[in-house]
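Novice: Sharing a structure here in structure tokens format.
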Amino acid sequence: MGKIRLYVEEALSQGVSLALNPQQSHYICNVMRLKKYDNLSLFNGKDGEWLGEVVNISRKSTKVTLKECAKQQQYEENLYLYCAMVKSAALNNIVRQATEMGVTCIQFISTERTVVKNINLSRAKLQAIEAAEQSGRMSIPEILPPINFCELPDSQSKNFVLCDETGKADKVLKGKKNVAIIVGPEGGFSSYELDLADKFCQKLSLGKRILRVDTAVVAALTFTNWCS
């Protein structure tokens with residue numbers, strides 16, 4: 001059986017006992033078949049990763065006591081993702097992949113060519129939690145409510161990099177901190193939006209092919225992590 005890791009929001013320290021929520025209780029009781037005195041790992045994105053022992057278990061209510069800190073909390077460089085809103089299947093991929101690749105903040109954007117008009121933030125957070133639990137990451141990205149692309153210039157102190165075929169494929173990201181990757185819809189940005197982007201963005205080419213939004217996100221983040 002693989003290592004069981006669960007994200008919780010409570011503070012973590014030695015000797016603390018906490019109750020898992022009903023979904024987590026169902027998971028470890030009915031899916032993973034844990035028993036009393038079995039161990040699992042807990043993390044909250046602030047206090048490191050802790051080894052916990054099951055002291056009481058049922059499908060609706062499970063209590064865990066923390067035994068020791070297994071890993072200290074790791075520092076993460078700020079990495080922002082601004083991505084055009086997409087349908088749920090692609091959105092799930094984006095949240096999962098961005099979490100696995102170290103994005104610290106995700107904010108979806110609307111553009112002139114964006115078809116999807118809203119997203120389920122609660123579901124997106126659950127996707128991020130699941131990805132962090134499975135990938136070994138010790139934090140989850142912040143997921144903010146969507147904004148319009150034209151509002152981005154108001155965000156200061158970020159190095160904005162917009163993915164567009166007119167950009168360059170080298171030196172755009174080298175040595176940059178507080179990088180904010182912008183990925184548009186599959187129809188691309190409008191000419192007005194590209195003109196606006198010239199005022200606050202550098203542009204990064206992901207190649208000549210037209211990519212799905214979730215594919216473009218992976219390509220851009222891979223390039224970012226390789227250059228950092």
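Novice: What residue, among those in the range 142-175 that are of a type in the set (Val, Ile, Thr) and modelled with pLDDT under 90, is least open to solvent (accessible area, probe 1.4 Å)? Steps first, answer last, please.
Specialist: Residues of the range 142-175 of a type in the set (Val, Ile, Thr): 143, 147, 161, 166, 172.
Those still in the list that are modelled with pLDDT under 90 too: 166, 172.
Values: THR166: 96, VAL172: 8 Å².
Step by step, filter the range 142-175, then rank; the result is VAL172.
Novice: Right, ALA89: hydrophobic (A, V, I, L, M, F, W, C) and in contact with a Pro (Cβ under 8 Å, 6 or more places away or on another chain) or not? Full working, then the answer.
Specialist: On the way: hydrophobic (A, V, I, L, M, F, W, C): yes; in contact with a Pro (Cβ under 8 Å, 6 or more places away or on another chain): no.
Here the answer is no, as ALA89 does not meet what is asked.
Novice: Follow-up. Does LEU40 satisfy the condition of being touching a Gly at 6+ places or on another chain (Cβ under 7 Å) and more than 29 Å from ILE147 (Cβ to Cβ)? Talk me through it step by step, then tell me what you get.
Specialist: Details: touching a Gly at 6+ places or on another chain (Cβ under 7 Å): yes; more than 29 Å from ILE147 (Cβ to Cβ): yes.
So LEU40 fits the description; yes.
Here is a yes/no grid of residues against (1) touching a Gly at 6+ places or on another chain (Cβ under 6 Å); (2) open to solvent by less than 10 Å² (accessible area, probe 1.4 Å); (3) aromatic (Phe, Trp, Tyr):
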residue	(1), (2), (3)
LYS177	no, no, no
VAL183	no, yes, no
GLU186	no, no, no
PHE200	no, no, yes
LYS203	yes, no, no
ILE210	no, no, no
LEU221	no, yes, no
ASN225	no, no, no
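Novice: I'd like the residue in the range 99-124 that is open to solvent by 80 Å² or more (accessible area, probe 1.4 Å) and under 26 Å from ASN159 (Cβ atoms) and, out of all such residues, is modelled with the highest pLDDT.
Specialist: Here the residue is GLU100.
Novice: Kindly provide the set of residues from the range 88-117 that are within 23 Å of SER191 (Cα to Cα), more than 15 Å from the chain's Cα centre (by Cα) and not in a loop (DSSP other than H, G, I, E, B), ordered by number.
Specialist: Kept after step one, since they are within 23 Å of SER191 (Cα to Cα), are these residues of the range 88-117: 107-117.
Among the residues that remain, those that are also more than 15 Å from the chain's Cα centre (by Cα) are: 109-117.
Matches in the range 88-117: ILE109, SER110.
Novice: Please go through the range 78-87 and give me each residue that is over 25 Å from LEU12 (Cβ atoms) and outside any strand (DSSP E or B), ordered by number.
Specialist: Filtering the range 78-87 down to residues over 25 Å from LEU12 (Cβ atoms) leaves 80-87.
Matches in the range 78-87: MET85, VAL86, LYS87.
Novice: So which strands (runs of 3 or more DSSP E) stay within the range 118-228 end to end and still have 1 or more residues that are free of Cβ contacts under 8 Å to residues at least 40 places away in the same chain, in contact with a Phe, Trp or Tyr (Cβ under 9 Å, 6 or more places away or on another chain) and not acidic (Asp, Glu)?
Specialist: Qualifying strands (runs of 3 or more DSSP E): 142-148.
Novice: How many residues are open to solvent by 50 Å² or more (accessible area, probe 1.4 Å), on the phi > 0 side of the Ramachandran plot and in contact with a strand residue (DSSP E or B) (Cβ under 9 Å, 6 or more places away or on another chain) if we restrict to the range 16-61?
Specialist: Count: 1.
The values are calculated or read from the model by the stated rules, or taken from the named source; none is laboratory data. Nothing here was measured: the structure is a model prediction, and the numbers come from that model. Cβ atoms come from the backbone with ideal geometry, glycine included; neighbour counts cover every protein chain shown. These accessible areas exclude ligands, DNA and RNA; they are computed on the full protein's heavy atoms, side chains included. Shrake-Rupley method; radii C 1.70, N 1.55, O 1.52, S 1.80 Å.
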